[in-house]
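Each reported figure results from applying straightforward, stated rules to the coordinates on display, with no laboratory input. Fair warning: this is a prediction, and the values are worked out from it, not measured in the lab. For neighbour counting, all protein chains shown are included, and Cβ atoms are generated from backbone atoms with ideal geometry for every residue, glycine included.
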Amino acid sequence: MLPSLPRNETERLKKLILMLSSEHEGERQVALSKISLLLSRRHLDWHDLAAALTTMETGRPARPKINVQQSQDGRYRIAATNLLHLVAAIRSRASADSYQLQFLDSMEDRAASYSVVLLSPRQLAYLTRLWEEM
């Protein structure tokens, strides 16, 4: 979390932050004072904590935007190789249900048959949702 905190203090800070959501006012006050004390011992303040929280890595690789071009008929064009990479990335991130697998299989089949695949707005929206959720 904060680079200048030892691991045990980082773990303690995480627990104290969770205490801030307590239903009991006293627990929230104790958590606030303990967090302030922990930070001040390390010559840090709440601004440092906020900066660390906003720059934390999520542990997930960054997702590139899906590269498509809209055609005149309202459908979207995606290069078959890009679609294959996208489907492979979606499959590698999480398990999919049978409907999702069937959809991904159909995308792979189309990419194997054409150099450019046309997607309807609904297909692109569903593919985008899978990409963002997984």
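Some notes on this structure:
- Residue order, fewest to most surrounding Cβ atoms within 10 angstrom, among Met107, Met19: Met19, Met107
- Annotation for Tyr126 and Ala79: the two label points, set 7 Å from Cα along the Cα-Cβ direction, are 2.6 nm apart.
- Multiplying the residue separation of Ser21 and Ala112 by 0.36 nm and removing their Cα-Cα distance gives an extension gain of 27.6 nm.
- Table column - 3J(HN,Hα) (Hz), the stretch 95-112, Karplus curve with 6.51, -1.76, 1.60, x for Gly and Pro: 6, 10, 7, 5, 5, 4, 4, 4, 4, 5, 4, 5, 5, 5, 4, 5, 5, 6
- Charge tally around Ala31: other residues with Cβ under 12 Å, Lys/Arg +1 each, Asp/Glu -1 each, net +3.
- For the stretch 98-133, chymotrypsin sites (Phe, Trp or Tyr not before Pro) meeting the loop criterion (DSSP other than H, G, I, E, B) and having at most 16 other Cβ atoms within 10 Å: Tyr114.
- Nitroxide proxy distance, nm - points 7 Å out along Cα→Cβ at Trp46 and Tyr99: 4.5
- A Stokes-Einstein calculation at 20 °C with viscosity 1.002 mPa s, built on the Kirkwood radius of the chain over Cα pairs, returns a diffusion coefficient of 115 µm²/s.
- Total formal charge among the other residues, if their Cβ is under 15 angstrom from that of Ser22, Lys/Arg +1 and Asp/Glu -1: +1
- Near Tyr114: Cβ cut-off under 12 Å, other residues only, Lys/Arg at +1 and Asp/Glu at -1. The net charge is 0.
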